[in-house]
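The values are calculated or read from the model by the stated rules, or taken from the named source; none is laboratory data. All values reported here derive from a predicted model rather than from experimental measurement. When we count neighbours, we look across all protein chains shown, and the Cβ atoms used for this are built from the backbone with ideal geometry, even at glycine.
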Amino acid sequence: MIEPSRLLVALVLGTLAAPLPAAFRDDAFVPDQTAPTPSSVREGEHWSEGGTTLPPWPQDADLIFFPVDGPKGLFRYAIDGRNLAIGEDEVVRYTLVAESASGARNVSFEGIRCTPNGQYRLYAYGTAGRFTPVAETDWLAIAKNDPDGYRDDLWRTYLCVPLKFVPRTRPEILRALERGRVSRLEGTGFMAD
């Protein structure tokens, strides 16, 4: 058993050995609540979406079917090449036709932003030869594990320049869709395949 006097001495020495709170120290360093911003850093412009008008109904002659990477789904996918557009807001807007093996078609008018993770927005569904706008929707993240995966393929392979997060030019997009792939030399300064 420890004697009470030794216990008291140990407690006093332990208390004196403990560090003092910052308020009692001579070298008290209190970090800023927020880090200072260098004068060279400027606030970026806030992105805003431009106006959107619904395109005409897609014609079979204008459809460009493209392969979707990964497991083969229930549909073949095509883009209406005539009405593919890149807005001043850098949104690639397109009419998508998803055709089943029986020939039934789902038609939609969509947009993709070439952000680091990709975003899409649905503007309208098509039935009976005309588009019906959907209620205003938010931009949604492109799912990497979507069973069909066409939006991820469009964003990753056909519509956007990798690591630059800007849309390809309209001719580059159409050429890539028609070939079913992007040339490995495209954008390098060398002649494409």
How many of the residues making up region 59-83 are of a type in the set (A, V, I, L, M, F, W, C), modelled with pLDDT of 95 or more and within 19 Å of THR127 (Cα to Cα)? 4
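Provide a single number: the residues in region 77-93 that are assigned to a strand (DSSP E or B), crowded, with 18+ Cβ neighbours inside 10 Å and touching a residue at least 24 places away in the same chain (Cβ under 8 Å). Let's see the steps before the verdict.
Keep residues of region 77-93 that are assigned to a strand (DSSP E or B), which gives 77-80, 85-86, 91-93.
From what is left, the residues that are crowded, with 18+ Cβ neighbours inside 10 Å are 77-80, 86, 91-93.
After this cut, where a residue has to be touching a residue at least 24 places away in the same chain (Cβ under 8 Å) as well, the list is 77, 79-80, 86, 91-93.
Selection size over region 77-93: 7.
If you check VAL166 against the conditions, is it loosely packed, with under 15 Cβ neighbours inside 10 Å, modelled with pLDDT of 90 or more and either farther than 18 Å from ILE64 by Cα or not β-branched (Val, Ile, Thr) (or both)? I'd like the intermediate steps shown before the answer.
Working: loosely packed, with under 15 Cβ neighbours inside 10 Å: yes; modelled with pLDDT of 90 or more: yes; either farther than 18 Å from ILE64 by Cα or not β-branched (Val, Ile, Thr) (or both): yes.
Spelling it out, VAL166 is indeed loosely packed, with under 15 Cβ neighbours inside 10 Å, modelled with pLDDT of 90 or more and either farther than 18 Å from ILE64 by Cα or not β-branched (Val, Ile, Thr) (or both).
Just name the residue that is modelled with the lowest pLDDT out of those in region 99-121 that are assigned to a loop (DSSP other than H, G, I, E, B), out of contact with any helix residue (DSSP H, G or I) (no Cβ under 8 Å at 6 or more places or on another chain) and hydrophobic (A, V, I, L, M, F, W, C). If you could, list the steps in order and put the result at the bottom.
Of all residues in region 99-121, those assigned to a loop (DSSP other than H, G, I, E, B) come to 101-104, 114-118.
Imposing the further condition that a residue be out of contact with any helix residue (DSSP H, G or I) (no Cβ under 8 Å at 6 or more places or on another chain) reduces the set to 101-104, 115-117.
If we keep only those that are hydrophobic (A, V, I, L, M, F, W, C) as well, we get 101, 104.
Values: ALA101: 87, ALA104: 91.
So, considering only residues that are assigned to a loop (DSSP other than H, G, I, E, B), out of contact with any helix residue (DSSP H, G or I) (no Cβ under 8 Å at 6 or more places or on another chain) and hydrophobic (A, V, I, L, M, F, W, C), the one modelled with the lowest pLDDT is ALA101.
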Return yes when LEU140 is under 21 Å from PHE66 (Cβ atoms), in contact with a strand residue (DSSP E or B) (Cβ under 7 Å, 6 or more places away or on another chain) and modelled with pLDDT of 90 or more and no when it is not. no
Only one of (1) under 19 Å from the mean Cα position of the chain (by Cα); (2) small (Gly, Ala, Ser); (3) modelled with pLDDT of 95 or more is not met by ALA124, so which one is it? (1)
Those residues of region 111-121 which are free of Cβ contacts under 8 Å to residues at least 24 places away in the same chain and closer than 16 Å to PRO56 by Cα, in sequence order: none
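Being buried (at least 20 other Cβ atoms within 10 Å of the Cβ) and in contact (Cβ under 8 Å) with a residue 40 or more places away in the chain is the filter here; which residues of region 97-109 pass it?
Step one: filter region 97-109 for residues buried (at least 20 other Cβ atoms within 10 Å of the Cβ), giving 97, 107, 109.
Hits for region 97-109 are VAL107, PHE109.
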